[in-house]
Amino acid sequence: LGTENCELLVLNKSCMEVDVRYELPAVPVFIESHGCYDVESKILVGCRNGFTYLIKNRELQELKFHIPSKPLGLVYLEKSIVVGGMDRVIYSYFHKGSLNFSKEMPDDIICMAKVEVKRREGKQALAVSLRNGEVHIFIDKNLLHVIKMAEPITGIKFGVYGREEGFLIMNSASGAIY
């Protein structure tokens, strides 16, 4: 849980008590986790100050990523960490901290999501919803496809739904579900 007191709280398995408390330099707005917390884990925390902090194996690392604007989305991919900013730019960082690429979008970024089919290893993509109603699908920095919608998409989720492995669900500003 991210708090307004610049803290990240990790709850125990029963979700009744705080297991670990991390003090962050800024208020967290996005949290992305990867791995098993008890064994080997990475928690990325995007904060209001434009920095993304890394917690690895229960320790806050010195490694941090900075974007020049406030973050609008955070996605952890196999080869990179992608942060979308209010300046209409997506920033991709290698896991070691260096900038992989930055790409300007044609309109304001609303939300981002990882697109991954588990059966096909190594195939991860990024979905970026824009204010003009377009959803851009990227593999690395290459634009793969553009989905044009009648209205802006405010929420995207890709995953398994029933027997379908690759299911994309999108929620629009009016509340419609696609």
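The values are calculated or read from the model by the stated rules, or taken from the named source; none is laboratory data. The structure displayed is predicted, hence computed values, not measured ones. Backbone-built Cβ (ideal geometry, glycine too); neighbour counts: all protein chains shown. Calculation scope for accessible area: heavy atoms of the full protein, side chains included, ligands and nucleic acids excluded. Shrake-Rupley method; radii C 1.70, N 1.55, O 1.52, S 1.80 Å.
In terms of its C-alpha gyration tensor, segment 1-45 comes out oblate, because a/c is 1.5 or above while a/b does not outweigh b/c. Within the straight-line cut-off of under 17 Å between alpha carbons, the lysines reachable from residue 123 are 79, 114, 141, 157, sequence neighbours fewer than 8 places apart in one chain being disregarded.
Extension gain for the segment residue 1 to residue 16, taken as residue separation times 0.36 nm less the Cα-Cα distance, is 4.2 nm to one decimal.
Kindly provide the GluC sites (Glu not before Pro) of segment 72-178 that DSSP labels as loop, not H, G, I, E or B, and whose Cβ sees at most 12 other Cβ atoms within 10 Å.
78, 121
Modelled this way, with points 7 Å down the Cα-to-C-beta line, the labels at residue 23 and residue 117 are 4.8 nm from one another. With a 1.4 Å probe and all protein chains kept in place, how much accessible area does residue 56 have, in Å² rounded to the nearest 10? Probe radius 1.4 Å; accessible area of residue 56 about 80 Å².
Largest first, the extents of the alpha carbon coordinates of segment 50-90 on the three principal axes equal 32, 20, 12 Å.
Taking only the C-alpha atoms of segment 89-178, the Rg (one decimal) and the largest Cα-Cα distance, Dmax (whole number), read 13.7, 40 Å.
Label-to-label distance for residue 70 and residue 146 is 2.8 nm, based on points extended 7 Å past Cα in the beta-carbon direction. Straight-line cross-link reach from residue 118 at under 16 Å between alpha-carbon atoms covers these aspartates and glutamates, not counting any fewer than eight positions away in the same chain: 78, 164, 165. Between the amide H of residue 153 and those of 130, 133, distances stay under 5 Å, these residues lying 5 or more places away or on another chain, with hydrogens modeled in the peptide plane. For segment 1-94, the relative contact order comes to 16 percent (Cα pairs under 8 Å, sequence separation of at least 6).
Computed over the chain with a Gaussian network model linking Cα atoms closer than 10 Å, the most mobile of 131, 119, 163 is 163.
Sequentially through segment 157-169, phi angles give Karplus couplings (6.51, -1.76, 1.60; θ = phi - 60°) of 9, 10, x, 8, 9, x, 8, 7, 7, x, 10, 9, 10 Hz, Gly and Pro residues having no value and appearing as x.
Other residues with beta-carbon under 14 Å from the beta-carbon of residue 169 carry, at +1 per Lys or Arg and -1 per Asp or Glu, a net charge of 0.
What net charge is computed for the residues neighbouring residue 113, neighbours being all others with C-beta under 14 Å from the C-beta of residue 113, Lys and Arg scored +1, Asp and Glu -1? The answer is 0.
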